[in-house]
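Engineer: Handing you this structure, nothing more for now.
The values are calculated or read from the model by the stated rules, or taken from the named source; none is laboratory data. All of these numbers come straight from a predicted model, not from anything done at the bench. Virtual Cβ from ideal backbone geometry, glycine too; neighbours counted across all protein chains shown.
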Amino acid sequence: MPERKIKIAILSLLGIMIWLLSFTLNEWLIETMPRHQLIQLPSMFFIGVLMGITASHHLKPDLPWSIAVLIFVMFSLLFWMIPHSIDYAVISPGFNRIMHANMLLAGFLTISSIRHTIPEVKIIFLGMVAAMIIAGGIALLSFNILLCSAFTIEQQKQTGTLLTLLGIALYFFMAFILFSSLSKK
Amino acid sequence: MRNVFIPILSLIICLTVIGVWTLGFSSFTIFSYTLKKAGELPRPLPDIQMINHEGIVFNPGEIKKYKLINFVYLNCPFVCHKINNRLEQIYNKIDTNLVPNEIEFLTVSFDLKNDDVKKIKNYHKLFKGEISGWTFALPYQSTDRYFTDFLSKLGIWKYTVPSTGLINHSIYIFLVNRQNQIVRVFDPARESDEMIIQGITQCLKEK
């Protein structure tokens, strides 16, 4: 099968996944905080990443642009971790779709920026994202008051635990990247 | 120059978006955002008609005393009762010369569908002893839209979870002066009973 057809098939599959996550399963995904924060949001980001892989040969940002894009990606993740944003995303379907589009774009741009940047930036980016996720998780765990009006405190704590674990896993991943790049040198 | 300019510009744009969204990095939850968006203190208490647990219609603005106003709903599984228990302690600790002569407590239900005068009267009876100067009330002949508008002008966020029917809401307590101006907002999640009592007596002294 020619490479182009494979790409079209992959992109169609990703399109179907976006449709499922953003429309068909949206009601179910926004029902609880862990589903919204740990399934819908990261899924959109990773679909964006997969789309970015197929296009990364065409996108070759230089160092300033790759740093600028990684700053945008980091702030996008941060923005959708703010309780105010989470609430609006659940209450307003339109705002939720903005979240999906933002995550797709962030994921799409991440791969080409990571590939065309220096190792120091990669490490700082992954480290800061991991730290941000852990901090977000700890904040959700430590507050005994409701931070998002669309969910419950139990869901808030559950999300906090899972986010903290995810952040720790990302830290190990970052350490793996760091040591593997050092061993190559 | 270009090497620095592009990342810095990206950083500035991102910080600006988050800064605007959180009203200057001060309101990260929808509760604090709604309160801050309602305006600086002092500001007038929005106009509304209410009916109390005795079935008497009144306008809170016509009570020429200080008023301590909070919002609850009777089917609340947890936090509303906890807040009212805290208010009961505050009520009992506060100087007896102040309640009800100088200040009245007003607990308002925002469950327009399920709560009625009979229910709030029964709820009133659950509090131990004589609690004169503490009124339980409901919005009177108010539409859902008008009451939601009243709450947002006041700085209270309310959201009914569609799947459970639970009402998640702000728990702020408002101190309103004789001129019907909101002069203090207490956050019982962050402020102790003593801090709230101190805040109330301080405002009463400043009258």
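Engineer: Taking the conditions exactly as written (over 24 Å from A:SER56 (Cβ atoms), among the β-branched types (Val, Ile, Thr) and in contact with a helix residue (DSSP H, G or I) (Cβ under 7 Å, 6 or more places away or on another chain)), does A:ILE134 satisfy them or not? Step through it out loud before you land on a result.
Structural biologist: Details: over 24 Å from A:SER56 (Cβ atoms): yes; among the β-branched types (Val, Ile, Thr): yes; in contact with a helix residue (DSSP H, G or I) (Cβ under 7 Å, 6 or more places away or on another chain): yes.
Yes, satisfied.
Engineer: May I ask you to say which residue of B:PRO46, B:PRO77 is more than 23 Å from B:ILE196 (Cβ to Cβ), in the same structural domain as B:LYS158 (by TED's automatic domain parsing) and not acidic (Asp, Glu)? Let's see the steps before the verdict.
Structural biologist: On the way: B:PRO46 fails: more than 23 Å from B:ILE196 (Cβ to Cβ).
Result of the check over B:PRO46, B:PRO77: B:PRO77.
Yes or no, residue by residue, for (1) under 30 Å from B:VAL161 (Cα atoms); (2) of a type in the set (Ser, Thr, Tyr); (3) in contact with a Phe, Trp or Tyr (Cβ under 7 Å, 6 or more places away or on another chain):
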| residue | (1), (2), (3) |
| --- | --- |
| A:ILE10 | no, no, no |
| A:MET17 | yes, no, no |
| A:TRP28 | yes, no, no |
| A:PRO34 | yes, no, no |
| A:MET44 | yes, no, no |
| A:LEU50 | no, no, no |
| A:HIS58 | no, no, no |
| A:PRO64 | no, no, no |
| A:LEU70 | no, no, yes |
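Engineer: Please find, among B:PHE25, B:PHE31, the residue that is more than 8 Å from chain A (Cβ to nearest Cβ) and aromatic (Phe, Trp, Tyr).
Structural biologist: Working: B:PHE31 fails: more than 8 Å from chain A (Cβ to nearest Cβ).
It is B:PHE25.
Engineer: Still on this structure, I have one more. Please state which one of B:PHE186, B:PHE174 is surrounded by 17 or more Cβ atoms within 10 Å (Cβ to Cβ), modelled with pLDDT of 95 or more and closer than 15 Å to B:MET50 by Cβ. Spell out how you get there, then give the answer.
Structural biologist: Values: B:PHE186 fails: closer than 15 Å to B:MET50 by Cβ.
On inspection, the qualifying residue turns out to be B:PHE174.
Engineer: Now a separate question. Within the range A:134-162, restricting attention to residues that are of a type in the set (Gly, Ala, Ser) and within 20 Å of the chain's Cα centre (by Cα), which residue is farthest from A:ILE91 (Cα to Cα)? Quick ask: steps written out before the conclusion?
Structural biologist: Going through the range A:134-162, the residues of a type in the set (Gly, Ala, Ser) turn out to be A:135-137, A:139, A:142, A:149-150, A:160.
So of that shortlist, the ones also within 20 Å of the chain's Cα centre (by Cα) come out as A:135-137, A:139, A:160.
Details: A:ALA135: 25, A:GLY136: 21, A:GLY137: 22, A:ALA139: 22, A:GLY160: 21 Å.
Selected residue: A:ALA135.
Engineer: Please specify each residue of the range B:1-14 satisfying the condition of being more than 8 Å from chain A (Cβ to nearest Cβ) and either within 33 Å of the chain's Cα centre (by Cα) or modelled with pLDDT under 95 (or both).
Structural biologist: Within the range B:1-14, just B:MET1 meets the criteria.
Engineer: Further question on the same structure: Looking only at residues that are closer than 26 Å to B:LYS118 by Cα and among the charged types (D, E, K, R) in the range B:34-62, which one is nearest to the other protein chains (Cβ to nearest Cβ)?
Structural biologist: Restricting to residues being closer than 26 Å to B:LYS118 by Cα and among the charged types (D, E, K, R), the top hit is B:ASP47.
Engineer: If I filter the range A:114-128 for residues that are among the hydroxyl-bearing types (Ser, Thr, Tyr) and under 18 Å from A:VAL49 (Cα atoms), do I get at least one hit? Explain how you work it out, then say what you get.
Structural biologist: If we filter the range A:114-128 for residues that are among the hydroxyl-bearing types (Ser, Thr, Tyr), which is where we start, we get A:117.
When the remaining residues are screened for being under 18 Å from A:VAL49 (Cα atoms), the result is A:117.
Within the range A:114-128 (the criterion being among the hydroxyl-bearing types (Ser, Thr, Tyr) and under 18 Å from A:VAL49 (Cα atoms)), the answer is yes, since at least one residue qualifies.
Engineer: Among A:LEU105, A:LEU162, which is the only one that is touching a residue at least 40 places away in the same chain (Cβ under 8 Å) and more than 14 Å from chain B (Cβ to nearest Cβ)?
Structural biologist: Details: A:LEU105 fails: more than 14 Å from chain B (Cβ to nearest Cβ).
None of the others qualify; the one that does is A:LEU162.
Engineer: Check off (1) more than 30 Å from B:TRP157 (Cα to Cα); (2) in contact (Cβ under 8 Å) with a residue 24 or more places away in the chain for A:PRO34 and give me the number that stays unchecked.
Structural biologist: The one condition A:PRO34 does not meet is (1).
Engineer: Kindly evaluate A:MET132 against the criterion of being at pLDDT 95 or above, closer than 26 Å to B:TRP21 by Cα and in a loop (DSSP other than H, G, I, E, B).
Structural biologist: no
Engineer: Also, quick follow-up: Scan the range A:77-98 for residues that are more than 8 Å from chain B (Cβ to nearest Cβ) and not aromatic (Phe, Trp, Tyr) and jot them down. Show your work before the answer.
Structural biologist: First, pick out the residues of the range A:77-98 that are more than 8 Å from chain B (Cβ to nearest Cβ): A:77, A:80-81, A:86, A:89-90, A:92-98.
Correct list: A:LEU77, A:MET81, A:ILE86, A:ALA89, A:VAL90, A:SER92, A:PRO93, A:GLY94, A:ASN96, A:ARG97, A:ILE98.
Engineer: A further question on this structure: Can you find a residue in the range B:112-121 that is part of a loop (DSSP other than H, G, I, E, B), assigned by TED's automatic domain parsing to the domain that holds B:ASN168 and within 29 Å of B:LEU204 (Cα to Cα)? Spell out how you get there, then give the answer.
Structural biologist: So in the range B:112-121, the residues part of a loop (DSSP other than H, G, I, E, B) come out as B:112-116.
Restricting the remaining residues to those that are assigned by TED's automatic domain parsing to the domain that holds B:ASN168 gives B:112-116.
Now drop any that are not within 29 Å of B:LEU204 (Cα to Cα), which leaves none.
Looking through the range B:112-121, none of the residues is part of a loop (DSSP other than H, G, I, E, B), assigned by TED's automatic domain parsing to the domain that holds B:ASN168 and within 29 Å of B:LEU204 (Cα to Cα).
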